[in-house]
């Protein structure tokens, strides 16, 4: 099958080819992470469409970032750090380094994230608990935007379910320490590629990702070949450039796989990494 024909086939049968008219989630208090601690930013929900309708979303693990204030400075909530959720003031001007992470969760197939690290001379970002004002503040140096397919609670991520549009899309915001924790827990190989992005642009890319997460919440379907972790990362990056991509190039953007084609090649085409 020619590339153009393959792309047409995949998009034709993609869940994004069908219009969504109803809310993809429904409020459901029984899906709350904890029955003892009430978190005002949690918003427990269940699926409201498809084969998993009525099943809980694991809000202990999956939550969108929330913008709590943006007028004078950016304050973001629902930052996941070592099992708890926090809020923090984010100094966009101090985000100096951007890396694309490739977490190989299946042989030859990776999950893609964007990691943002503070300038060495910048003060720490301080995390404050969302539910316990007496809890000690936590200093951190990096944040990770991770766009993920969201299965029902206690259901594994599978490529087949992802292809048929049975998962939601969430742009999670986690600390670098939280990201390192799950990499170690699952023993997944990790490759971090530093991107050639100016400091003044890094904060804008981060802000775009957080805004998308806050606006979209979980009202978008995850699509394996057109609306996934790598396409989300590129949408945040491309928001700060005038780049144009063909449909075939966008398809290649969505392939975080080993080999000559795919996400890493797309970084090279954008001149974001050394050849």
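Below 8 Å, C-alpha to C-alpha, sequence gap of six or more: please give me the relative contact order for the chain in percent.
Computed over the chain, the figure is 20 percent.
Pick from 160, 100, 218: which residue has the top mean-square fluctuation in a GNM of the chain where Cα pairs under 10 Å get a spring?
With Cα springs under 10 Å in the chain, the top fluctuation among 160, 100, 218 is at 160.
Using all Cα-Cα distances in the chain, what percent lands in each 5 angstrom bin from 0 up to the longest?
Using 5 Å bins, I get a P(r) of 1, 5, 12, 17, 19, 18, 14, 9, 4, 1, 0, 0, 0 for the chain.
Please work out the C-alpha center-to-center distance from segment 145-199 to segment 227-246 and express it in whole Å.
When both Cα centres are located, 17 Å separates them.
Take 153, 29 and order them by how many other Cβ atoms sit within 10 Å, fewest up front.
So the ranking, lowest neighbour count to highest, is 29, 153.
Which of 51, 208 has the fewest other C-beta atoms within 10 Å, and how do the rest follow up to the most?
51, 208
By counting other Cβ atoms within 10 Å of each Cβ, how are 104, 38, 43 ranked from fewest to most?
Taking fewest neighbouring Cβ atoms as first place, the list is 38, 104, 43.
Within segment 52-80, what residues put their amide N at less than 12 Å from the label point 7 Å along the Cα-to-Cβ vector of residue 154?
Flagged as within label range: 56.
Would you mind telling me which residue in 130, 93, 212 has the biggest mean-square fluctuation in a Gaussian network model of the chain, where springs connect alpha carbons within a distance under 10 angstrom?
Comparing 130, 93, 212 in a Gaussian network model of the chain, the most mobile one is 93.
Taking Cα pairs under 8 Å and at least six residues apart, what relative contact order does segment 17-147 come out at, in percent?
Relative contact order here is 16 percent.
Per DSSP H run of n ≥ 4, the term is -39500 (n - 2.57); total these for the chain, divide by its residue number, and report the mean residue ellipticity at 222 nm rounded to 500 deg cm²/dmol.
That comes out to -7000 deg cm²/dmol.
Sorting check: for 79-88, 161-170, 226-235, which peptide has the highest mean count of neighbouring beta carbons within 10 Å, and how do the rest follow?
226-235, 161-170, 79-88
Between 36, 120, 200, find the one with the highest GNM mean-square fluctuation for the chain; connect C-alpha pairs within less than 10 Å.
Sorting by GNM fluctuation, first place goes to 36.
The numbers here are math on the coordinates, done by the rules we state, and not lab data. Bear in mind that the values here come from a model prediction, so they are computed numbers and not experimental data. For neighbour counting, all protein chains shown are included, and Cβ atoms are generated from backbone atoms with ideal geometry for every residue, glycine included.
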